[in-house]
Amino acid sequence: MGEFRMPSLGADMNVGTLVQWNVKPGDAIKRGDIIAVVGTEKADIEVEVYETGMVDKLIAQPGDKLPVGTPIAFIRVAGEAEGKVEAPITAEAPVQPPQAEKPSGRRVKASPLARKLAQDLGLDIEKIQGTGLHGVIEKHDVELAAQARVPAAPEGVAGPAPAEPAAGMRHAIAVAMARSNREIPHYYLSTQIDVSKALAWLERFNQRRSIEDRVLPIALLLKAVAHGLAQVPELNGFWIDDQLKPSPEINLGVAISLRRGGLMIPAILAAHHKSVEELMTALRDLITRARSGRLRSSEITEGTVTVTNLGDLGVETVYGVIYPPQVALVGFGRITEQPWAENGMLGVRPVLTATLAADHRATDGHRGAQFLEALKHLLEEPESL
Amino acid sequence: MTETEIRQAIFDAIRPIAPEADPRNIRPDENLREALDIDSFDFLNLLIALHGRLGVEIPESDYSQLTTLSELVRYLAPKVAGGSAKAP
């Protein structure tokens, strides 16, 4: 028997609310099935299961707000004997944000302020998950633990729980971005790219298609990013346990702004295996579902790098903040007509500024520059895509 | 189809894309994307919706002519099935 636990749906999540079960005891399930919906501060997420078997028992009830890692169901994995409890089953991605290890008998790493606050709130510091450097428990970790205390904390001692969805979204972004700035030594590189050939290629491509099937420039940019990352794989992966863990899959997290405010970063999975057309289809699907609150857990947790495009808002250069534990973020600005010198001649070209924000623990500027050079080459020679 | 009817079709297409916006408040010469705070994906969806409602195919090369509400109405009017649009 395996415990199905409250999944971690991103670096900014410490607690989740079970919104609904899509299964009941006795139901057969297979890997990839959506078995529950979990509410986070940002959105409700459809949670997939990563095992095949049968639902044995549902522990959590809709409405329960539980810390990440709390068992919420028992699942009998295919082929196992009844009644035996084995390893936990979670909906987490294979690689997750680093978690603090607190084996029994070892000193718990926590800031003095966090210890005092935990004591004041009557919380066991050993049961709190730290999100600071090397898993150190900090003040906000204690506040989150207080907020997630089950059953509900007595009135007046809960942490600064967001009162409404928009506040929850802001809080979740604040947690992830504060962690990023605290832990990740960013370095930034940028390059200007003549995209005249890329736009001409896209125009020819779109001429053959109905308006429903047209491809936006961002799909071509995503394709180029996936190709570029295949050439510089150190930028595609995670920084966990003080080391770089490159990912064999290139799952492009795409920053999608929501109309009610805030943003989500769901991923286009296996982007390197997709054509430009397939990337556009995947992006359309992802944006539509992100804005209607129907994203899946794998899309939230399996991004290996983030791409953000602020060109629509007139921004020329993007200096992004890396989404931990990822190690890079690629930013695109607006395409503007600019004077461009080539072969001793001056002309006017549509020019795009591409930016790389990268984790200096994982790579140096040399590798970052190689990535941007690859990106530039790919977009200046779009036939190679 | 009158210009008023075309404008109404545009408003109807905008609603699901920018549900919190009241398209009646958009000035005719205002940049539509800025006024509605929509990105290129939303704008393409708007054109797809108009294609579905009015049957007008809008080539990509014409996108740059469709910045404001009045430009959109002027562009669509002669193309709408049933002949030229008329002012109410």
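Remarks
- Matching residues, the range A:174-222, being more than 14 Å from A:Ser275 (Cα to Cα), surrounded by fewer than 16 Cβ atoms within 10 Å (Cβ to Cβ) and within 14 Å of another protein chain (Cβ to nearest Cβ): A:Ala200, A:Glu203, A:Arg204, A:Gln207, A:Arg208, A:Arg209, A:Ser210, A:Glu212
- Set side by side, the residues A:Glu302, A:Glu380, A:Glu337 differ, and just one is free of Cβ contacts under 8 Å to residues at least 40 places away in the same chain and in contact with a strand residue (DSSP E or B) (Cβ under 8 Å, 6 or more places away or on another chain), which is A:Glu337.
- Test set (1) modelled with pLDDT of 80 or more; (2) of a type outside the set (Ser, Thr, Tyr); (3) crowded, with 18+ Cβ neighbours inside 10 Å - A:Gly32 fails condition number: (3)
- Extreme residue, surrounded by the most Cβ atoms within 10 Å (Cβ to Cβ), among residues of the range A:347-385 that are of a type in the set (S, T, N, Q) and assigned to a helix (DSSP H, G or I): A:Gln370
- Members of the range A:255-285 that are within 11 Å of chain B (Cβ to nearest Cβ) and farther than 23 Å from A:His171 by Cα: A:Met280, A:Leu283, A:Arg284
- Among the residues listed as A:Ala172, A:Ala152, A:Ala161, the single one being at pLDDT below 90, in contact with a helix residue (DSSP H, G or I) (Cβ under 7 Å, 6 or more places away or on another chain) and not β-branched (Val, Ile, Thr): A:Ala161
- The residues of the range A:33-68 that are outside any strand (DSSP E or B) and either touching a residue at least 60 places away in the same chain (Cβ under 8 Å) or touching a Leu at 6+ places or on another chain (Cβ under 6 Å) (or both), listed by number, are A:Thr40, A:Glu41, A:Lys42, A:Ala43, A:Ala60, A:Pro62, A:Asp64, A:Val68.
- Just one residue in the set A:Thr306, A:Thr288 is buried (at least 20 other Cβ atoms within 10 Å of the Cβ) and either within 14 Å of another protein chain (Cβ to nearest Cβ) or not in a loop (DSSP other than H, G, I, E, B) (or both); that residue is A:Thr306.
- Any hit, the range A:233-254, residues being within 14 Å of chain B (Cβ to nearest Cβ) and at pLDDT 95 or above: yes
The values are calculated or read from the model by the stated rules, or taken from the named source; none is laboratory data. Since we're looking at a predicted model, the values are computed, not measured. With ideal geometry, Cβ positions are generated from the backbone for all residues, glycine too; neighbour counts draw on all protein chains shown.
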